[in-house]
Amino acid sequence: MITFGKKMNYWPLFFSIFWALFVFPFALVLFQTTGVNAVIWSLGVSVAVFLFVSGIYYPTALQYDYSYYEISANQIRYYDFSTRLKKFEMIFLGPNTPMKSLNMDEVEDAKTFGESGVEKLPSVALFDPIISLPFLTKVSVIKNPYGIELELDGGQKEYISSARDKVYDNQTCTAKTKAALDLIQKSIYGRQLA
């Protein structure tokens, strides 16, 4: 079996809770000076921050951090990022997130997409590492798309992204992508000869 990406974990949930708890004391101090019920308003702000991080930020960025694929001779398994609701559920399910399966019988053709080289990004981490470091991987994945394009029965397309692995180790990722493509094509050609 060949794998790409990073498996889902509870980090997005912990990160959302952390920011909600982090904001609470600051909101409490702010609302105490206004004379309103500080605890209730601070809880409201914390819940809003939690919902923003878990409901808006992570559903937008999740596929760049946790695009995980398992490719075997019989099937391809991956996380389903098709709707915002499914991404939101993934945050709470963490490693228990169900994976979608695609049988090799459904694959008609496969080819790589993207360039095998890596476009270097300017290092913004020197200016503000706390703000920029969480986004560098996402920006690198977006600017360096790479992986396998599958053509399925009926002309639909599915993409196996290995861009996240490519950011960390370009040569190993390129070799793994080629091996995965060979495995998929061997399954396609074996089926055509049968």
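Observations on the model:
- Any hit, segment 116-126, residues being acidic (Asp, Glu) and at pLDDT 80 or above: no
To keep it simple, each residue is scored yes or no on (1) open to solvent by 40 Å² or more (accessible area, probe 1.4 Å); (2) closer than 28 Å to GLN156 by Cα; (3) over 15 Å from the mean Cα position of the chain (by Cα).
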residue	(1), (2), (3)
SER16	no, no, yes
ILE40	yes, no, yes
PHE88	yes, yes, no
THR112	yes, yes, yes
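- Inter-residue pairs, beta-carbon under 8 Å, first touching a residue at least 60 places away in the same chain (Cβ under 8 Å) and in segment 143-156, second hydroxyl-bearing (Ser, Thr, Tyr), 6+ apart: GLY147/THR112; GLY147/TYR159; GLY147/SER161; GLY147/SER162; GLY147/THR177; LEU150/TYR159
- Within segment 97-110, the set of residues being within 18 Å of PHE15 (Cα to Cα) and surrounded by fewer than 17 Cβ atoms within 10 Å (Cβ to Cβ) is empty.
- Scanning segment 56-74 for residues that are among the small types (Gly, Ala, Ser) and surrounded by 17 or more Cβ atoms within 10 Å (Cβ to Cβ) gives ALA61, SER67.
The values are calculated or read from the model by the stated rules, or taken from the named source; none is laboratory data. Given the structure is predicted, the values throughout are model-derived calculations rather than measurements. We place every Cβ from the backbone using ideal geometry, glycine too, and count neighbours over all the protein chains shown. Just so you know, the surface numbers come from the protein's heavy atoms only, side chains and all, with ligands and any DNA or RNA stripped out. Shrake-Rupley method; radii C 1.70, N 1.55, O 1.52, S 1.80 Å.
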